[in-house]
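**Q** Structure incoming, see below.
The values are calculated or read from the model by the stated rules, or taken from the named source; none is laboratory data. Small disclaimer: the values here were computed from a predicted structure and weren't measured. Virtual Cβ from ideal backbone geometry, glycine too; neighbours counted across all protein chains shown.
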Amino acid sequence: MRAIVIGSGVIGTSVAYELAKAGAKVSVLEQGRVASGASAVSFAWTNANGKRPREYHALNVAGMRAYIDLAREFEGAGWFNQTGSFEWWTTEAAQAKQLAGVKLEQEWGYGVDFISRDRVAAMEPDLDVRAIGEAPIVYYPEEGWIDPVLYAACLLRSACERWGAQVYTGTQVKSLETRSGRVSGVRTAAGERFEADIVVNCAGGASKESLGEIPGIPMKSSIGVLAFTQPVAMTLRRQFHADDLDVRPDGAGRLMLHKISVDDQLSEPKLLRPDGIEATTILNAARELLPALEAVSIEAVRTTVRPIPGDGLTCAGPMPQVDGYYVGVTHSGVTIAPQMARLLADEIVHGNIREELAMFRPARFFGGAPGSVVPKSAVAGPSHD
Ligand SMILES: Cc1cc2nc3c(=O)[nH]c(=O)nc-3n(C[C@H](O)[C@H](O)[C@H](O)COP(=O)(O)OP(=O)(O)OC[C@H]3O[C@@H](n4cnc5c(N)ncnc54)[C@H](O)[C@@H]3O)c2cc1C
């Protein structure tokens, strides 16, 4: 089976890896550099907390656990940081919602519990717990974060070296080619043709674009802004999420900072200055909790499109218009990528229709029932050719 994967973000590289591992002959076509889209500007927190409905929560949990398996597969995987995370809210309404969420997620078997301020202070001495006030603090020991660009590089290299996958950067796919209602390949912007039995579109925010006559996925993507500090002499290991602020280590002493209210001010990605109002707003919020940031500056600010399907949920599986054409796009894509990839590869290569994806089918955007998939007979069988 010859498979083309469009896009090399966390989703595309995960799908390419799992397809190649399952026996497909994989070509990845990427219009820019490997993992240069949203995956390069992601907080990349692996979590299922607050994610609803239950099926979506479960997909996220499965993604988190898939990373544990992958980290074993890639001994010493430098891209995997499962250090846990803290969360607190300062308004009564948010605290009530948090309490209900904790109870429900404990029932669902998710790793979550309240933790004392003293314990947090002992675990993270750089955090000024007095600034948290009386807010209850929740600890999620199973959560962590990924370095998505390293992850993508690692998986692609492995897919190429172990199973002969090919990667074509600077190669933009413009249209799908079909024969008798089935995918036969793609045509690039440069006019080149790549033949394939299966095409999986993992184009992130660009999933909304049509490929020739095949429509894209309706999206409600938003803009994300991340600020990166200079290296700072502190030992913070765990990320924390406090009202409108997310903070985590980003290697070599740098911190990654995010404030959703700053995202909300932008309607498109743009170059932001490290000493601009957005960066200063984010840094000042972080300084209230981390006194060591007092004399530290922001070194870089990055913005990107955060891919989000139109109803906010994952979109993964066969497109209804053409046999052999699949899509994989989602919010929380870092968390979900390895699990989505396993499920899609199992469906595509082995023909096993996976119930875990039943409510996330692309057909729901085109008038089909949420669980619509192509008949099993239309799925190509396994082969190494
Ligand atoms: C600020 C921010 C914070 C986030 N925080 C988290 C978080 O904490 N946890 C979490 O799980 N998720 C988080 N996300 C979401 C997550 O980062 C994304 O869901 C994920 O990176 C999407 O990966 P992707 O592979 O679908 O898209 P991308 O990384 O954008 O990759 C798509 C690739 O396709 C290529 N492409 C597009 N069109 C074509 C074409 N026609 N031909 C060839 N190539 C093409 C692009 O160049 C790109 O490289 C966050 C996102 C942002 C922006």
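**Q** So in segment 299-324, with the set limited to residues that are surrounded by fewer than 24 Cβ atoms within 10 Å (Cβ to Cβ) and touching a Leu at 6+ places or on another chain (Cβ under 7 Å), which one is nearest to Ser175 (Cα to Cα)?
**A** Narrowing segment 299-324 to residues surrounded by fewer than 24 Cβ atoms within 10 Å (Cβ to Cβ): 299-306, 308, 310-313, 320-323.
With touching a Leu at 6+ places or on another chain (Cβ under 7 Å) added as a condition, the list becomes 301-303, 322.
On the way: Val301: 34, Arg302: 30, Thr303: 28, Val322: 13 Å.
Of everything passing the filter in segment 299-324, Val322 is nearest to Ser175 (Cα to Cα).
**Q** Name the residue, out of Gly191, Gly204, Gly212, that is at pLDDT below 95 and not assigned by TED's automatic domain parsing to the domain that holds Pro249.
**A** Gly212
**Q** Now for a separate question. For segment 245-344, which fully contained strands (runs of 3 or more DSSP E) count at least 1 residues that are more than 26 Å from Phe80 (Cα to Cα)?
**A** By residue number, 315-318, 325-329.
**Q** Regarding Val28, is this residue under 25 Å from Tyr140 (Cβ atoms) and not acidic (Asp, Glu)?
**A** Numbers: under 25 Å from Tyr140 (Cβ atoms): no; not acidic (Asp, Glu): yes.
In short, no.
**Q** Ok, one more. From the list Ser207, Ser175, pick out the single residue that is among the polar types (S, T, N, Q), under 17 Å from the mean Cα position of the chain (by Cα) and either crowded, with 17+ Cβ neighbours inside 10 Å or within 15 Å of the ligand (Cβ to nearest atom) (or both). Please lay out each step first, then the result.
**A** Values: Ser175 fails: under 17 Å from the mean Cα position of the chain (by Cα).
Going through Ser207, Ser175 in turn, the sole match is Ser207.
**Q** Within segment 71-104, which residues are over 19 Å from Glu142 (Cβ atoms), hydrophobic (A, V, I, L, M, F, W, C) and either in a helix (DSSP H, G or I) or in contact with a Leu (Cβ under 6 Å, 6 or more places away or on another chain) (or both)?
**A** Ala93, Ala94, Ala96, Leu99, Ala100
**Q** Follow-up. Does Arg254 fit the bill of being within 13 Å of the ligand (Cβ to nearest atom), outside the structural domain of Gly324 (by TED's automatic domain parsing) and basic (Lys, Arg)?
**A** Judged against the criteria, Arg254 is not a match.
**Q** State whether the residues of segment 347-360 include one that is among the basic types (Lys, Arg) and at pLDDT 95 or above. Explain how you work it out, then say what you get.
**A** Residues of segment 347-360 among the basic types (Lys, Arg): 354.
Then keep just the ones that are at pLDDT 95 or above; that gives 354.
Scanning segment 347-360 turns up at least one residue that is among the basic types (Lys, Arg) and at pLDDT 95 or above.
**Q** If you don't mind, another one. Looking at Ala159, Ala131, Ala135, Ala153, can you tell me which residue is in the same structural domain as Ala93 (by TED's automatic domain parsing), in a helix (DSSP H, G or I) and among the hydrophobic types (A, V, I, L, M, F, W, C)? Outline the logic, then answer.
**A** Numbers: Ala159 fails: in the same structural domain as Ala93 (by TED's automatic domain parsing); Ala135 fails: in a helix (DSSP H, G or I); Ala153 fails: in the same structural domain as Ala93 (by TED's automatic domain parsing).
Of Ala159, Ala131, Ala135, Ala153, the one residue that is in the same structural domain as Ala93 (by TED's automatic domain parsing), in a helix (DSSP H, G or I) and among the hydrophobic types (A, V, I, L, M, F, W, C) is Ala131.
**Q** While we're looking at this one, here's another question. Quick check: anything in segment 106-118 assigned to a strand (DSSP E or B) and under 28 Å from Glu294 (Cβ atoms)? Before the answer, list the steps.
**A** First pass over segment 106-118, keeping only residues assigned to a strand (DSSP E or B): 113-115.
Filter once more, so that each one left must be under 28 Å from Glu294 (Cβ atoms): 115.
Yes, that holds for at least one residue.
**Q** Could you check, for segment 71-86, whether at least one of its residues is within 28 Å of Val200 (Cβ to Cβ), of a type in the set (A, V, I, L, M) and more than 10 Å from the ligand (Cβ to nearest atom)?
**A** yes
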